[in-house]
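Below is one structure, written out as C-alpha cells; the observations come after it.
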Amino acid sequence: MGNLSAFLAPVTKKRSWLSAKPCLLAIFAHPDDETFRPGGTLALLAWQGVHIEVLTFTHGEAGSCGDPPLCTPDELPAVRERELQAACAALGIQSLRLLEYIDGHLQEADRKAMIAQILSVVNETQPQVLLSFGPDGLSGHPDHIAVGQWTAEAFRHAEGISALYTVAVPQSLAEALSMRQVHAVPDETIALAVDISTVWETKLTAMRAHATQMSSSPMMSAPEERQRLFFGQEYFARPAVRSAADDFLPAVLVRSDQ
Ligand SMILES: [Zn+2]
C-alpha cells in the first residue's frame, strides 16, 4: 500500500466529535444504495444535526429503466443522478459525491486507487464514522462487495475514524419474510437496530424518488404491512471500532427515539 502514504498523514490525527460537528461518510456503489436499507437512519441522523456525506461510485447505468421504461438506457445515468439528488434531498443529506466508474465492473477497478479515492474524501470531510456494505454485499452484488472491501481497508488506514458500520439484514428477518435473495447475517452480529417509524414517510419519499428502480424488487409492490417489516426497521453491523467513546451513532439514535 506504499502509494497510499501520501493520503494517510492528514487523517491520522485524533479528533473528538464533541469538539467537531459529527459527520458520517456513507460509501456506496449505486444510486439507491443510500436509501433502501439505511435511508431512514440517515434521515434521523441528519435531523439530529449529523452531517451526512454520501459517496457513490457509479451512476447505476446497468440498472433498470423502469417497467414501463421511464427513459432510454442512454438517458439512464443522468436520470439516476437526478433520482439520487432527489432522494438525498428528501433524506436531508447535505453533501453528495457521485463518481463515474462503470456499474457492474467495480471489482475490476484498481483497488489501491479506489481506496486512495475514499481516503481523499475522508481527508476532506473528516468523518468520525464510515458506513458501507459488509462482506455479504447485502444482495451479493459484486459492486457492493468491492465497495465494502475498499471501505474496510480505508478504515484501517484512517486512524481518526472511530467506527465502521455496515448495512445488514438479520437472518431472523430474512427468514420471517422468506427473502432468499437477501444475504442475511446472524442476528448476533447486529450492533444497531433502528426503528425508523418517525421518518417512514420521508423514507418512502426517498424510495419513490428512485422511480426507475421501483419495479426491480418484488418488495416495492408488496403490501405496506410487509414493506414496513422490511424497510421500517434498519439494521447495522459494526465490524470495526477504534474508539467506542467517539462513535456518536448509538447516542444520537437513542436521542431521536425519544
Ligand atoms: Zn447497489
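Projected area of region 80-144, taken from the Cα convex hull and averaged over every viewing direction, in nm²? The partial results should precede the final answer.
Values: hull surface 21.6 nm².
Dividing the Cα hull surface by four gives the mean projection, 5.4 nm².
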Q: Return the FRET efficiency for the residue pair ASP67, GLN171: r is the Cβ-Cβ distance, R0 is 35 Å, and the value is rounded to the nearest 0.05.
A: 0.70
Q. Taking H as built 1.01 Å from N, whose amide H comes closer than 5 Å to the amide H of PHE57, not counting residues under 5 places away?
A. PHE28, ALA29, HIS30, LEU99
Q: For region 72-109, run through the GluC sites (Glu not before Pro) and keep only the ones in DSSP coil with at most 14 other Cβ atoms within 10 Å of their Cβ.
A: GLU75
Q | Sites ASP195 and ASP74, calculated FRET efficiency, Cβ-Cβ separation with R0 45 Å, nearest 0.05 | A | 0.65
Q. What full-extension length gain, to one decimal in nm, is calculated for ASN123 and HIS105 as 0.36 nm per residue of separation minus the Cα-Cα distance?
A. 3.9 nm
Q: For the chain, restrict the atom set to alpha-carbon positions and state the Rg and Dmax in Å.
A: 17.3, 52
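Computed from the coordinates by the stated procedures, all read-outs in this text should not be read as laboratory data. Note that this is a predicted model, so its numbers are computed, not measured. Ideal geometry is used to build each Cβ from the backbone, glycine not excepted, and the neighbour counts take in all protein chains shown.
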